[in-house]
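Have a look at the structure below, then the notes.
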Amino acid sequence: MKRVAVVPGDGIGPEVIAEAVRTLELSRDIFGFEISFEHFDWGAEKYLATGVTMPEGALEMLAAEYDAILTGAFGDPRVPDNKHAADILLGMRTGLDLYINLRPIKLIDERLCPLKGRKAEDVDFVVFRENTEGLYVFMGGNFKKGTPEEIAIQEEVNTRRGVERIITAAFEYAREHGRKRVTMSDKSNVLTYGHDLWQRTFKAVAARYPDIAANHFYIDVLTLWMVLDPGRFDVIVTCNLFGDIITDLGAALQGGLGMAASGNIHPGRVSLFEPVHGSAPTVAGKNVANPIAAILTGAMMLEYIGFKEAAKKIEQAVEESVRSGETTQDVGGKLSTTAAGEAIRGRLSGQPIR
């Protein structure tokens, strides 16, 4: 029995995660695998009511008792500093050492791509974003804050261990999934210490994978080529900040954030799966949010915990629904959140809506 902790989050999180869980439950019934879901109410409501973001011992409990974590987005305008989001989401990423942020960029239907004349096969790559180091470690400070002489310092941290393991993961993924090329992106022409470490480590790791082509782009050049010719990419590996930026650009290529799934992974350990989009509080509760990112994230989670056939069937059901226009308005359809989820489950069960 696989156990999944479900943290629906804030805003539209509960709505789209509910559709993902219903889809996973249907998949369980169809394919006969054993999986259970336990919901946790960590989020803005809990924090505002109790002042608690995550209970003491939560990370240890997740690591010991669960196989995966499925979360929605976090963020609420009633918590201006988003402390709860940082404690919960970033807390799980760093506390569980989930050093891989894996984001597939896959165009399902060419009409969703903002680039002229691009087909589905032109937008099909994955991004490996380093998830525990870089500029997201909150190291730094302010001197003379609030004065005209204020100084603000933000530190970037790159370790050989951290850089090597994310680059190795990218090459391993390429080999396992039949991808032919790994592209590393940095800004080593300016960031001459930290990103020189990326350069040297990438060359050392690439030498261990002679069957996989390896190349490099500075991050500004890479973003240019993502727009001009996304088909040249198979696997991209980069640092935390750059990965954050280019995966949103990648999401735009596939139809928007409502289509973008992601996983925060430490191979062999409990890992966290979350749709890329935000909590979108302005549309929360209106039954209009796109559930596809959450459902595809659920499929990623199934693959990670060993149910690859079921994961593939969910992906196929999503693809069929999108191509048939059975979607929410943001990607050209007319369905509500729940109706879009039902359409996908209809495809999964072999009973599409008429």
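Rounded to the nearest 10 Å², what accessible area does R200 have for a 1.4 Å probe in the complete protein model?
120
Can you give the relative contact order of the range 198-343 as a percent, counting alpha carbon pairs under 8 Å and 6+ residues apart?
Relative contact order for the range 198-343 comes out at 16 percent.
Going through the range 28-93, which GluC sites (Glu not before Pro) have at most 13 other Cβ atoms within 10 Å and a DSSP loop state?
E34, E56
Ranked from the most accessible area to the least, with a 1.4 Å probe and all protein chains present, what is the order of R165, R175?
Ranked list, largest accessible area first: R175, R165.
Would you mind telling me the share, in percent, of accessible area of the range 233-354 contributed by carbon and sulfur at probe 1.4 angstrom?
C and S atoms contribute 50 percent here.
Give K145/K187; K116/K313; K83/K286; K83/K144; K2/K308 a once-over and call out the pairs whose C-alpha atoms are over 18 Å from each other.
Going by Cα-Cα distance, K145/K187; K116/K313; K83/K286; K83/K144 fall outside the 18 Å limit.
Among A207, A49, A18, which one shows the highest mean-square fluctuation when the chain is modelled as a Gaussian network with alpha-carbon springs under 10 Å?
Of A207, A49, A18, the most mobile in the Gaussian network model is A49.
Given a 1.4 Å probe and the protein chains all in place, what does the accessible area of Y99 round to, in Å² to the nearest 10?
Answer for Y99: close to 30 Å² accessible.
Only bridges with both residues in the range 1-132 count here: give the DSSP antiparallel percent, nearest 5.
45
Which percent of the Cα-Cα distances in the chain go past 24 Å?
58
Rounded, prolate or oblate: pick one for the range 257-340, where a ≥ b ≥ c are the square roots of the eigenvalues of its C-alpha gyration tensor, a/c under 1.5 means rounded, and failing that, prolate if a/b is larger than b/c, else oblate.
oblate
Assuming R0 = 35 Å, what is the FRET efficiency of L249 and E56, from their Cβ-Cβ distance, to the nearest 0.05?
Efficiency, from the Cβ-Cβ distance: 0.35.
Return the loop-located chymotrypsin sites (Phe, Trp or Tyr not before Pro) in the range 136-217 (DSSP other than H, G, I, E, B) with at most 14 other Cβ atoms within 10 Å of their own Cβ; answer none if there are none.
Those satisfying the criteria are F138, Y193.
What does the charge count around G75 come to, taking other residues whose C-beta lies under 13 Å from its C-beta (Lys +1, Arg +1, Asp -1, Glu -1)?
Every neighbour counted, the sum reads -4.
Which of I17, I35, I236 moves most in a GNM of the chain, Cα contacts under 10 Å?
Fluctuation is largest for I35.
Just report the Cα centroid separation between the range 79-101 and the range 259-279, whole Å.
Centre-to-centre distance over Cα atoms comes out at 12 Å.
Keeping all protein chains in the complex and leaving out DNA, RNA and ligands, what accessible area do you get for L241 with a 1.4 Å probe, in Å² to the nearest 10?
50
Once you place label points 7 Å from the Cα toward the Cβ at T223 and M139, how far apart are they in nm?
Between T223 and M139, the label points sit 2.5 nm apart.
Compare F31, F74, F307 in a GNM of the chain, Cα atoms joined below 10 Å, and give the one with the largest fluctuation.
F31
Under a Cβ-only charge scheme (Lys and Arg +1, Asp and Glu -1), can you give me the dipole magnitude of the chain about the Cα centre, in debye to the nearest 20?
Around 800 debye, computed over the chain.
Multiply the residue separation of N287 and S36 by 0.36 nm, subtract the distance between their alpha-carbon atoms, and state the gained length in nm to one decimal.
Length gained, N287 through S36: 87.8 nm.
Compute the separation of the alpha-carbon centres of the range 283-332 and the range 139-209 and state it in Å as a whole number.
Between the Cα centres of the range 283-332 and the range 139-209 lies a distance of 31 Å.
Taking 0.36 nm per residue of sequence separation and subtracting the Cα-Cα distance, how much length would be gained by fully extending the chain between D29 and K116, in nm to one decimal?
Separation in residues times 0.36 nm, less the Cα-Cα distance, equals 27.2 nm.
Where does the chain land at 222 nm, in deg cm²/dmol rounded to the nearest 500, when only DSSP H runs of n ≥ 4 count, each adding -39500 (n - 2.57), divided by all residues?
-12000 deg cm²/dmol
Want the number for V190 to E150: 0.36 nm per residue separation, take away the alpha-carbon distance, what's left?
Roughly 12.0 nm would be gained on extension.
Counting DSSP beta bridges in the chain, what percent are antiparallel, to the nearest 5?
Taking every DSSP beta bridge within the chain, about 40 percent pair in antiparallel fashion.
Determine the percent antiparallel among the DSSP beta bridges restricted to the range 147-265, to the nearest 5.
Taking every DSSP beta bridge within the range 147-265, about 0 percent pair in antiparallel fashion.
The values are calculated or read from the model by the stated rules, or taken from the named source; none is laboratory data. Because the structure is predicted, anything quoted here is derived from the model rather than measured. Heads up, the Cβs are rebuilt from the backbone with ideal geometry, glycines too, and the neighbour counts pull from every protein chain shown. Keep in mind that these areas ignore ligands, DNA and RNA; they rest on the heavy atoms of the full protein, side chains included. Shrake-Rupley method; radii C 1.70, N 1.55, O 1.52, S 1.80 Å.
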